[in-house]
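Note sheet for the following structure.
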Amino acid sequence: MNPAGDDRELVRAYLRARTENAFRALYRRHAPVMYRLILRLAGGDPEDAEEILQIAWIRAAERLEDFRWDSSLRSWLTGIALNCHREARKKLRRTESIGAEDLPDVRSLRSPHREIHPIDLERAIARLPSGYREVLILHDVEGYTHEEIGRLMGIHNGTSKSQLSRARRAVRSWLDHPEESIDERRAL
């Protein structure tokens, strides 16, 4: 059976009898992907990611009977996770260290001779403004199209493309010049 069919059967089983086994199977199938997404969106903070994941699953369980299967269950759960992340960010009143106008001007591309460590990449992604980080992760990591991102985030496809381009440029710049701070780049 295909994964979408498996999801439908598990959802039916859960909704029919609210069985823990069916919910656990759904959780085991989708939670790892959701956690990785939320962890990246949360800038690598595992405690925040775990809390947001739990809130997302509570919300999903409450709304599961309203799911219409217009998209995959994974897409629907991703939308819930994205919204829960945004709500958590608002509640904590975190301020972004930089805004769109502060993204660095990239004058050169990354050297093909320099090896990028995954931790450096994660740190560079975590530095992005949240909207850029969300689009970059959804597109480049999770594989969503600009149309899907637009629906998930409530933005136009062109906005998604623009934010992705700026996010990639900023990450490349930070990876090329890790020793420079944002303030040093502004002075250039």
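The numbers here are math on the coordinates, done by the rules we state, and not lab data. Keep in mind that this is a model prediction, so the values were computed, not measured. Note that each Cβ is placed from the backbone with ideal geometry, even for glycine, and that neighbours are counted across all protein chains shown.
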Quick check on packing: order 74-81, 144-151, 9-16, 130-137 by the mean number of other C-beta atoms within 10 Å, highest mean leading. 130-137, 74-81, 144-151, 9-16
Separation between the Ser72 and Glu20 pseudo-spin-labels, each 7 Å from Cα along Cα→Cβ, expressed in nm? 3.0
Place a +1 charge on the Cβ of each Lys and Arg in the range 1-56 and a -1 charge on the Cβ of each Asp and Glu, then give the dipole magnitude about the Cα centre in debye, rounded to the nearest 20. 400
Going by Cα centres, the range 47-76 and the range 16-32 are how many Å apart? 12
Taking 1 over the mean of 1/r across every pair of different Cα atoms in the range 3-92, what Kirkwood radius in Å do you get? 13.3
At Ala126 and Asp6, where each label point lies 7 Å from the Cα along Cα→Cβ, what is the point-to-point distance in nanometres? 3.2
Dimensionless Rg/Rh of the range 120-164 - Kirkwood Rh, Rg from C-alpha atoms: 0.97
